[in-house]
1. Using a 1.4 angstrom probe on heavy atoms only, work out the carbon and sulfur share of the accessible area of the chain in %.
2. What is the Cα centroid distance between segment 50-67 and segment 1-44, reported in whole angstrom?
3. Percent antiparallel among DSSP beta bridges with both residues in the chain, to the nearest 5?
4. Could you work out the relative contact order of the chain, using alpha carbon pairs under 8 angstrom and six or more residues apart, expressed as a whole percent?
5. Cross-link candidates for Lys8: which aspartates and glutamates have Cα within less than 20 Å, leaving aside residues fewer than 8 places away along the same chain?
6. Quick check: convex hull of the Cα atoms in the chain, volume per residue, rounded to a whole Å³?
7. Taking the solvent-accessible surface of protein heavy atoms with a 1.4 Å probe, what is the per residue accessible area of the chain in Å²?
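The values are calculated or read from the model by the stated rules, or taken from the named source; none is laboratory data. The model shown is predicted, which means the values in this text are computed figures rather than measured ones. The protein model used for the area step is the full one, side chains on, heavy atoms only, and it has no ligands, DNA or RNA in it. Shrake-Rupley method; radii C 1.70, N 1.55, O 1.52, S 1.80 Å.
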Amino acid sequence: MQEYIENKIKPLLQGDGGWIDFVSYENNELKVVFQGECSKCLILERCVSWIEEQIKKDLGETVTLCFERKKPFFWDK
């Protein structure tokens, strides 16, 4: 799953200034961290659904995507 996120999904998000990091995958629960433009995106839930659909289509697995948004430290100031 990590390879799929790194090689298939990440490059697509980077095209729009986004970033995704794989955290873990266990019991059909995929944990990731969104950064860059994804961290402030107003429609991130749509992207999450799209990623779940792509995984089902490409890998044949039904996953639940759990995510965290990680904004750059200087946005907190």
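1. On the way: 2520 of 5170 Å².
Reported share for carbon and sulfur atoms: 49 percent.
2. What the calculation gives is 12 Å, centre to centre.
3. Working: 8 of 14 bridges.
In the chain, approximately 55 percent of DSSP beta bridges are antiparallel ones.
4. On the way: 99 pairs, mean separation 21.8, N = 77.
28 percent.
5. Asp16, Asp21, Glu26, Glu29, Glu37, Glu45, Glu52, Glu53, Asp58, Glu61, Glu68
6. Convex hull volume per residue, Cα atoms: 84 Å³.
7. Numbers: 5170 Å² over 77 residues.
Heavy-atom SASA per residue in the chain reads 67 Å².
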